[in-house]
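The values are calculated or read from the model by the stated rules, or taken from the named source; none is laboratory data. Note that the coordinates shown come from a computational prediction; the quantities given were computed from them, not determined experimentally. Using ideal geometry, Cβ is built from the backbone for each residue, glycine included, and neighbour counts are taken over all protein chains shown.
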Amino acid sequence: MRVLFVVTYFDCGGINRALQNLLNRIDTARIEAEVFAMVPDGMFAGLYRNCIVLPGDRMLSLLMARYSQQKGLRRFLCLAVKLLDRLSGRRFGAFVKRSAAQKLSARGYDTVVAFSEGAPTAFVAMMKHPRSVAWIHCDYASYSQLNGAPDELGLYSGFSRIVCVADYPKKSFISAYPSLASRTEAVNNVQDVEMMRSMAALNVPENFSGELFNIVSVGRLDPVKRLSAVPEIASNIAAAGCAFRWYVIGPKGGTLDEYEKLTAGISRPGLEGKVVYLGEKENPYAYISRADLLVNTSVSEACPYVVNEAKILHTPVVCTDFGSAREFVNDGVEGFIRPLEEIADTIVGYISDASLRERIESGVAGFSFDNSAILERVCRILGA
């Protein structure tokens, strides 16, 4: 059967990593996958296997592109299209989206999937396909609040199935729309364990020092990920006399605010060389696998991708107490779940206590991940 997956961009992030891992492990005898990005730019454009990556729709791409990231003629065209949409009262943009959706509908898919909340969900809804699936990768309550609490009951009512990536976001979504409970289920993200481990062995990060305690955080620089809090935490760790280096990996994100906060914090007195922003990395696994600790500072997470990646690579985890944290971290065994204000003391205690480190390292070394049940459920949801 032919299945279309729709994403917004091909940029770095958990959603595209989740799709990559799903496609890497999917049963190609049952599923013929095609992928359409509303804006076909980003690191993942050439990284998908077992699928056909469709060419982008030029007008839709200009409409949806981040203006600040465009250059030359494309920057001008992007501005012109966005201006035309605004002057038309958003009618031009709606026309562009409907036109692109109709072209895809004509390809005759058995199932169409909006692989994230937001733009892909609204776009796929325009296709009015009888077998459509909405994939939710967020804590819906937090997502809704950040977006002004829109009423999306009518939007999601058009989907035959709704997939949430963990139990906590499923409960959050059903709490908002209880009438959709019967068509909503929780299915964790697929993890391509073999790919992660092979990539982890490829490149030894040249900056890692065996004489220091190495910490890694991975995520886009976005307020939800709260990576701008890292310098303050690091400053408290440094004040305790610990020898460490903290690497932050991830793209700048949609705004410069978090990036500017992070870089300003890194430059504060006493943190010279202790916090290093590495930017976006195609292979973060080489860093995660060699780190002594992965730290997640998020305000909210649905299925914290990097936390599972760290556990698969047997790296201990410290994460904030977001809603789904206890679904993914066995507190005191594989790492620790703490409020943001307690993370510095937790890391200092962990660095200072050799027996505690040995116990946690042993606990996370016992973690294993099995995709078979997840993949079977995904195939059933898609209709294969």
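On the given criteria, is VAL378 in the same structural domain as VAL307 (by TED's automatic domain parsing) and within 19 Å of ASN188 (Cα to Cα)? I'd like the intermediate steps shown before the answer.
Details: in the same structural domain as VAL307 (by TED's automatic domain parsing): no; within 19 Å of ASN188 (Cα to Cα): yes.
The answer is no for VAL378.
Just the residues that are on the phi > 0 side of the Ramachandran plot and within 22 Å of the chain's Cα centre (by Cα), please, taken from segment 332-378.
Taking segment 332-378 first, the residues on the phi > 0 side of the Ramachandran plot are 332, 335.
Within segment 332-378, just GLY335 meets the criteria.
Determine whether SER144 is in a helix (DSSP H, G or I), of a type outside the set (A, V, I, L, M) and modelled with pLDDT under 95.
Numbers: in a helix (DSSP H, G or I): yes; of a type outside the set (A, V, I, L, M): yes; modelled with pLDDT under 95: yes.
Here the answer is yes, as SER144 does meet what is asked.
Looking only at segment 307-325, which residues are farther than 25 Å from CYS242 by Cα and of a type in the set (A, V, I, L, M)? Can you show your working first?
Applying the first criterion (farther than 25 Å from CYS242 by Cα) to segment 307-325 yields 308-309, 312, 322-325.
ILE312, ALA325, listed by residue number.
Is it fair to say SER324 is closer than 24 Å to LYS281 by Cβ, in contact with a Pro (Cβ under 8 Å, 6 or more places away or on another chain) and not hydrophobic (A, V, I, L, M, F, W, C)? Full working, then the answer.
Working: closer than 24 Å to LYS281 by Cβ: no; in contact with a Pro (Cβ under 8 Å, 6 or more places away or on another chain): yes; not hydrophobic (A, V, I, L, M, F, W, C): yes.
The answer is no for SER324.
Exactly one condition in (1) at pLDDT below 85; (2) farther than 27 Å from ASN371 by Cα is false for LEU63; which is it?
(1)
Enumerate the helices (runs of 4 or more DSSP H) found wholly within segment 260-337, keeping only those where 1 or more residues are over 20 Å from ASP167 (Cβ atoms) and of a type in the set (S, T, N, Q). Explain how you work it out, then say what you get.
Values: elements: 285-290, 305-312, 325-328.
Those helices (runs of 4 or more DSSP H) span 285-290.
Do we have any residue at all in segment 241-253 that's assigned to a helix (DSSP H, G or I), surrounded by 19 or more Cβ atoms within 10 Å (Cβ to Cβ) and outside the structural domain of ILE15 (by TED's automatic domain parsing)? Full working, then the answer.
First, pick out the residues of segment 241-253 that are assigned to a helix (DSSP H, G or I): none.
Looking through segment 241-253, none of the residues is assigned to a helix (DSSP H, G or I), surrounded by 19 or more Cβ atoms within 10 Å (Cβ to Cβ) and outside the structural domain of ILE15 (by TED's automatic domain parsing).
For the structure I just gave you, tell me whether SER132 is in the same structural domain as ASN283 (by TED's automatic domain parsing) and farther than 26 Å from SER298 by Cβ. Before the answer, list the steps.
Working: in the same structural domain as ASN283 (by TED's automatic domain parsing): no; farther than 26 Å from SER298 by Cβ: yes.
Taking the combined requirement at face value, the residue does not satisfy it.
Only one residue in SER68, SER99 is in a helix (DSSP H, G or I), modelled with pLDDT of 95 or more and surrounded by fewer than 21 Cβ atoms within 10 Å (Cβ to Cβ), so which one is that?
On the way: SER68 fails: modelled with pLDDT of 95 or more.
It is SER99.
With respect to ARG220, is the statement that it is basic (Lys, Arg) and outside any loop (DSSP other than H, G, I, E, B) true? Even if it seems obvious, please write down each step before you answer.
Working: basic (Lys, Arg): yes; outside any loop (DSSP other than H, G, I, E, B): no.
Answer is no for this residue.
Name the one entry in LEU60, LEU83, LEU23 that is more than 22 Å from TYR305 (Cα to Cα), in contact with a strand residue (DSSP E or B) (Cβ under 7 Å, 6 or more places away or on another chain) and assigned to a helix (DSSP H, G or I). Can you show your working first?
On the way: LEU83 fails: in contact with a strand residue (DSSP E or B) (Cβ under 7 Å, 6 or more places away or on another chain); LEU23 fails: more than 22 Å from TYR305 (Cα to Cα).
Of the residues listed, the single one that is more than 22 Å from TYR305 (Cα to Cα), in contact with a strand residue (DSSP E or B) (Cβ under 7 Å, 6 or more places away or on another chain) and assigned to a helix (DSSP H, G or I) is LEU60.
Provide a single number: the residues in segment 208-236 that are touching a Phe, Trp or Tyr at 6+ places or on another chain (Cβ under 7 Å) and free of Cβ contacts under 8 Å to residues at least 40 places away in the same chain.
Residues in segment 208-236 being touching a Phe, Trp or Tyr at 6+ places or on another chain (Cβ under 7 Å) and free of Cβ contacts under 8 Å to residues at least 40 places away in the same chain: 1 in total.
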